[in-house]
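Worksheet for the structure shown next.
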Amino acid sequence: MTTADAATSGDRSTGPLSGLRVLAVEQYGAGPFGTQHLADLGADIVKIENFRDGGDVSRLVGPHFIEPGDSLFFQAFNRNKRSIGLDLKHPDGQVVLRRLASGCDAVFNNLRGDLPAVLGLDHAALSEVREDIVCVHLSAYGREGSRAAWPGYDYLMQAETGYLSLTGEPGGPPARMGLSIIDLMAGTTAAMALLSGVIEARRTGRGRDHDVSLFDVALHNLAYLGTWYLEAGARTERLSRSAHPSLTPSQLYRTRNGWIFLMCNKEKFWKALVEAIGRPDLAEEEAFADFAARLANRDALTRILDGELQREDTAVWVDRFAAKVPCAPVNDLAGALESRFVAERASIRAFSHPKAGSVRGIASPVRVSGYAQPLEGAPAMSQSLDEVLGEAGFTAEEIQRLKDCRAIL
């Protein structure tokens, strides 16, 4: 897309979250990803950055940079936000925080669990200026317990909560997911927590603390595998070809030029599959008559389907199976992002950037009738300082004094 594409940015005032204002003491991935969901839907996200440490550390995450202090990593998590540089450890910085909080619906942070109370970011501190303020804390291990002061990251959560034992081929080393999936899901969960808190506060006139941790989200995602173990003692293990633990065909199969993933998770899809590959006889065989029989004979069925599917390229099978058999090609990132369906969905958008002209990114997955998401790139550090403080009632003289004492930048 071109710079002209970015100029068609939507009006955030028409978004479903228009009027929601959030102070976000955030950095790196999980927290910014969560508030970006809100910003895309029209919320005013005021990002607080510790300018003494160079701001959000993700500005320095390479290897792809637009300019010093602005990376493509940072752009991926911080579009449609405003930024101010504020030292929360400075006494005057705390004055600014509280004054800004008095005009906000929520204060969000993704700091280490022991830090929000120290920095005055919890409800006990901020309810003094606004009783209905919602305080959302996204940490590694929670704000209570023996690990409150522990730093933590996505890959550590995947390791400890069993993900690595479930990923990869049997007999191979433990393997993490290719994405920081816990960060992304924890950020999304925290955004949900914030919205639930604001709804409650508007109903009751009282806010409170809401806690989300990477560890809890990772554990929660075990879902049915966790229930299988807790209630049946079942220890789910890795299966070849990324197979479903109890259904088949529901795994990877070879084609003439690569791989395809099939998921015949209903009997009707199994019947549609054998018709589409020209082997209706398979549906009549006792060994493949139902889910239980196919599971018991998974290896034999895999060999048969591999043989049939290797007669054509993946794209041919995807076209043949379309709307009949649930399937997907196995793409690399280029194939995923450059697919015809992604273009059809307009899932890639250009976001305006003062230096680069535009930066392409992936559009919000939430599509709202009659609302076009704003298309503003991630802000320069403290880009909106005077604007945000002016809205909070600070005079030009007060702002200058705060700059002179290095409480703000």
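Quick one: in the stretch 362-400, which of the residues that are charged (D, E, K, R) and in contact (Cβ under 8 Å) with a residue 24 or more places away in the chain is farthest from S352 (Cα to Cα)?
Filtering the stretch 362-400 for residues charged (D, E, K, R) gives 367, 376, 386-387, 391, 397-398.
Now restrict to residues that are in contact (Cβ under 8 Å) with a residue 24 or more places away in the chain: 376, 387, 391.
Values: E376: 5, E387: 19, E391: 24 Å.
If we take residues in the stretch 362-400 being charged (D, E, K, R) and in contact (Cβ under 8 Å) with a residue 24 or more places away in the chain, then E391 is farthest from S352 (Cα to Cα).
Scanning the stretch 287-327 for residues that are over 20 Å from S240 (Cα atoms) and of a type in the set (K, R), we see that the one that is most open to solvent (accessible area, probe 1.4 Å) is K324.
Of all residues in the stretch 129-139, one or more are free of Cβ contacts under 8 Å to residues at least 40 places away in the same chain and in contact with a Ser or Thr (Cβ under 7 Å, 6 or more places away or on another chain).
Filtered by the rule that a residue be open to solvent by 20 Å² or more (accessible area, probe 1.4 Å) and under 25 Å from E398 (Cβ atoms), the stretch 89-124 gives K89, H90, P91, D92, Q94, V95, R98, R99, S102, G103, D105, L119.
Here's the yes/no breakdown for (1) among the aliphatic types (A, V, I, L, M); (2) surrounded by 15 or more Cβ atoms within 10 Å (Cβ to Cβ):
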{"position": "D332", "(1), (2)": "no, no"}
{"position": "A336", "(1), (2)": "yes, no"}
{"position": "V359", "(1), (2)": "yes, yes"}
{"position": "I362", "(1), (2)": "yes, no"}
{"position": "L375", "(1), (2)": "yes, yes"}
{"position": "M381", "(1), (2)": "yes, yes"}
{"position": "S384", "(1), (2)": "no, yes"}
{"position": "T395", "(1), (2)": "no, no"}
{"position": "I408", "(1), (2)": "yes, yes"}
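Of the residues making up the stretch 388-400, one or more are touching a Lys or Arg at 6+ places or on another chain (Cβ under 7 Å) and in a loop (DSSP other than H, G, I, E, B).
Counting only helices (runs of 4 or more DSSP H) that sit completely within the stretch 160-246, those holding 2 or more residues that are closer than 30 Å to R303 by Cα and of a type in the set (F, W, Y) correspond to 223-232.
One line per residue, one yes/no per condition, for (1) touching a residue at least 40 places away in the same chain (Cβ under 8 Å); (2) not basic (K, R):
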residue: T255; (1), (2): yes, yes
residue: L262; (1), (2): yes, yes
residue: D290; (1), (2): no, yes
residue: R298; (1), (2): yes, no
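The values are calculated or read from the model by the stated rules, or taken from the named source; none is laboratory data. Nothing here was measured: the structure is a model prediction, and the numbers come from that model. Every residue, glycine as well, gets a Cβ built from its backbone with ideal geometry; the counts of neighbours run over all protein chains shown. The protein model used for the area step is the full one, side chains on, heavy atoms only, and it has no ligands, DNA or RNA in it. Shrake-Rupley method; radii C 1.70, N 1.55, O 1.52, S 1.80 Å.
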